[in-house]
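Following: one structure in structure tokens, then a few remarks.
The values are calculated or read from the model by the stated rules, or taken from the named source; none is laboratory data. Since this is a predicted model, take the numbers as computed values, not measurements. Here the Cβ positions follow ideal geometry from the backbone for every residue, glycine too, while neighbour counts run over all protein chains shown. The area values use the complete protein model at the heavy-atom level, side chains included, leaving out ligands, DNA and RNA. Shrake-Rupley method; radii C 1.70, N 1.55, O 1.52, S 1.80 Å.
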Amino acid sequence: MAESETKAPRGVRLIITLVGRRNAGKSSLINAVTGQEVAIVSDFAGTTTDPVAKPYELLPLGPVTFYDTAGLDDVGELGALRVAATKKVLWRTDIAVVVAEAAGLTEAEKAIIADIRSLEIPILLVFNKADLAAPSEADVAWCRDQGLRIVVASAATGAGATEVKEALIALAPPEAVREPVLAGDLFGEGDTVVCVVPIDLAAPKGRLILPQVQVLREILDGDATAVVVKERELEAALSNLRRPPALVITDSQVILKVSGDVPEDVPLTTFSTLFARFKGDLPTLAAGAATIDRLRDGDTVLMAEACSHHAQADDIGRVKLPRWISQYTGRDLEFEMYSGHDFPDDLERFALVVHCGSCMLGRMEMLRRIKECQRRGVPVTNYGVAISKVQGVLERVLRPVLR
């Protein structure tokens, strides 16, 4: 297995999910496409229960994750839970592969396709088991009328596996094909970029967090110079430079101090703001932060995190940011925390959603969360943007990235 298959961060992987009825051959198709026996297969319907992830290198897209899922026609109380788990995976999916038996489409597949389309996810329909029967002209015509891309395949013989991969590459969203940029467009070759990285209780022991690592790699790839300091050493580091840096990037939690130490004519932003642009819709998240000014006593704010972690005594999402928002507004507010891939069904009861930097989410999943908030009339922002707002420096932080 190539190292990039397993080492690439989850948040930058393309998510490809196979869905369909039980015994349509989803697991066998994953094995045929990857050329590896990674999914358990049998003639017994319902072999796959919980979603199973398989990392894979799909060139030229790079590292992807295939999800094998339970049949969406599963029955009984346990079957309903399996179906619900499959639908949760769809929320973080970039491409959905609907697997149907070539013997014929049913209303079940058509309902699945309608559900996926409501999430605005690209769809590939694979007519599997073509060694047993060919798809009917009526089914092919229906797919054509629906604008669906189709592949006829046989997981048993391997026929169509290459065509499936080619179709997936063609369906990949532009974000997966283009080279993503965090900060590389904000400095040039030979420039100096100063990164301010506090080392406190929340900092992971012995390492940097993912946004910091990715920004540092972009600086090196851009043939620029990275200067990494803690907030206490920033003023001295700036005075030691022969010329002002092209950019200063700081952890949001020390933005107030850093903004005072960095001259006004030096561009300044935060790691979280860069990730809001990289993974989401920065103008929408910035507009959501303005809602903080309109919060009222008794309002409930959703604090949403993409990953689960052990909470520290002064955790940013559970303690610091709720305290800062309450102090800024002077309001009696309620804060609720959701972690991992869970996103509440009753969004309408929240006055505001404050999301983490989404370093563990793919861009499509984050955009779907933002769109879901918009569809249901709930303002959304992210941790870093919200911090800059309540610290009174949001306009300056946005200036380099909203040009």
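For the chain, take the longest principal axis of its alpha carbons; what is the angle in degrees between that and the long axis of helix 76-90, to the nearest 10 within 0 to 90? So the inclination is approximately 50 degrees.
The per residue volume of the convex hull around the alpha-carbon atoms of the chain is 155 Å³.
Tally up the carbon and sulfur contribution to the accessible surface of the range 87-191 as a whole percent, 1.4 Å probe, everything protein left in place. Intermediate values should be presented prior to the final figure.
On the way: 2500 of 4910 Å².
That share works out to 51 percent.
Of the peptides 376-386, 143-153, 56-66, how do they stack up when ordered by the mean number of other Cβ atoms within 10 Å, highest first?
Details: 376-386: 22.9, 143-153: 15.9, 56-66: 18.3.
Going from most to least packed, we get 376-386, 56-66, 143-153.
Projected onto their three principal axes, the Cα atoms of the range 175-298 cover extents of 51, 39, 34 Å, largest first. Among the listed pairs LYS88/LYS279; LYS26/LYS54; LYS110/LYS279; LYS230/LYS257, those whose Cα-Cα separation exceeds 22 Å are LYS110/LYS279.
Sequence-ordered 3J(HN,Hα) estimates for the range 19-31 from the Karplus curve with 6.51, -1.76 and 1.60 and θ = phi - 60° stand at 10, x, 6, 4, 6, 7, x, 4, 5, 5, 5, 4, 4 Hz, glycine and proline given as x. Label separation (ARG117 vs VAL266): 5.4 nm, computed from points 7 Å beyond Cα along the C-beta direction. Taken about its Cα centre, the chain carries a charge dipole of roughly 560 debye when the Cβ of each Lys and Arg holds +1 and the Cβ of each Asp and Glu holds -1.
Counting other Cβ atoms within 10 Å, keep those with at most 16, restrict to DSSP loop, and tell me which GluC sites (Glu not before Pro) in the range 227-331 are left.
Numbers: sites: GLU231, GLU233, GLU235, GLU264, GLU305; in loops: GLU264, GLU305.
Answer by residue number: GLU264.
Using heavy atoms of the protein chains and a probe of 1.4 Å, the accessible area assigned to ASP221 is about 100 Å². In this simple spin-label approximation, GLU166 and LYS110 carry label points 7 Å from Cα along the Cα→Cβ vector, and these lie 3.0 nm apart. To the nearest ten degrees, helix 363-375 and the longest principal axis of the Cα atoms of the chain are 80 degrees apart.
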